[in-house]
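A quick write-up on the structure given underneath.
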Amino acid sequence: MDVSPLLLSLKVAFLSTIFTFVLGILAARLTVTMRKGKGFVDGLFTLPLVLPPTMVGFFLLVIFGKNGLLGGFLKAVGVSVVFTWVGAVIASTVVAFPLMYRTARGAFEQLDENLLHAGRTLGMTEPALFLRVILPNSIPSIMAGAVLAFARALGEFGATIMLAGNIPGRTQTVSVAIYTAVQAGNWELAYKWMLIIFTISFITIIAMNAWTRRASSFGKGGSRAWR
């Protein structure tokens with residue numbers, strides 16, 4: 001049994017989670033602090049969540065294709081995205097991003113404003129306030145968003161197959177491998193991949209739930225650290 005789809009899926013999911021973690025938190029903080037245009041920006045960030053994955057993949061193909069908005073420039077500098085594992089990372093990141101963004105935004109909006117006012121009264125700068133007050137008190141929700149983003153990236157299919165394709169050993173993730181196995185009538189292989197992904201996802205969720213409970217206690221301590 002070729003394990004390359006599993007290794008690629010894990011690599012893509014981990015990298016995508018890192019990108020969505022950073023970008024989702026920054027985007028959530030930006031949206032929360034906006035005074036005008038918040039609805040438009042929020043809708044733009046959430047759009048990949050409601051669009052069909054194949055449509056998201058098509059948009060990415062338009063952008064990164066050889067004649068796309070960025071594809072021509074990338075081709076000129078010798079960088080290829082389409083039909084590469086990098087394309088799979090980009091597709092998974094875009095699809096999983098709204099889950100991280102929405103979770104982080106909800107956590108930031110539910111913070112007690114008195115904590116923020118107290119921090120500013122004590123002379124804390126906005127970056128210090130963000131790092132020492134906002135993030136520690138939002139860790140449980142943020143980690144929950146990271147778990148959702150990882151699970152979404154691990155199982156991404158539509159956008160991935162549009163942008164990265166289905167090249168065994170290069171761009172074939174587990175989700176694509178399951179589709180290929182079913183198309184070929186190899187149900188036994190499809191069941192094996194399904195069981196593997198189910199087990200990994202379930203263990204990840206259990207482990208992260210335990211971590212989140214510990215992080216909740218850490219967050220409460222962090223909110224007292226600056227006092």
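The values are calculated or read from the model by the stated rules, or taken from the named source; none is laboratory data. Source: prediction; values computed, not measured. All Cβ positions, even for glycine, are placed from backbone atoms using ideal geometry, and neighbour counts span all protein chains on display.
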| request: Could you please tell me which pairs satisfy a Cβ distance under 7 Å, a separation of 6+ or placement on different chains, a first residue in the stretch 117-132 that is within 17 Å of Val32 (Cα to Cα), and a second residue that is charged (D, E, K, R) and modelled with pLDDT under 85? | output: Leu129/Arg120
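Can you give me the ranges of the helices (runs of 4 or more DSSP H) entirely in the stretch 27-133 with at least 2 residues that are surrounded by 18 or more Cβ atoms within 10 Å (Cβ to Cβ) and among the aliphatic types (A, V, I, L, M)?
On the way: elements: 38-50, 53-64, 71-76, 85-109, 113-121, 126-129.
Helices (runs of 4 or more DSSP H) meeting the threshold: 53-64, 85-109.
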| Filter the stretch 109-152 for residues that are within 30 Å of Gly57 (Cβ to Cβ) and of a type outside the set (Gly, Ala, Ser); which is modelled with the lowest pLDDT? | Met143
| field | Residues of the stretch 149-164 satisfying the condition of being part of a helix (DSSP H, G or I) and either surrounded by fewer than 20 Cβ atoms within 10 Å (Cβ to Cβ) or out of contact with any helix residue (DSSP H, G or I) (no Cβ under 9 Å at 6 or more places or on another chain) (or both) | value | Gly158
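Taking the stretch 168-214 only, how many residues are under 23 Å from the mean Cα position of the chain (by Cα) and either exposed (fewer than 15 other Cβ atoms within 10 Å of the Cβ) or part of a helix (DSSP H, G or I) (or both)?
Pass one, the stretch 168-214, residues under 23 Å from the mean Cα position of the chain (by Cα): 170-179, 193-214.
Adding the requirement that they be either exposed (fewer than 15 other Cβ atoms within 10 Å of the Cβ) or part of a helix (DSSP H, G or I) (or both) leaves 170, 174-179, 193-214.
Residues in the stretch 168-214 being under 23 Å from the mean Cα position of the chain (by Cα) and either exposed (fewer than 15 other Cβ atoms within 10 Å of the Cβ) or part of a helix (DSSP H, G or I) (or both): 29 in total.
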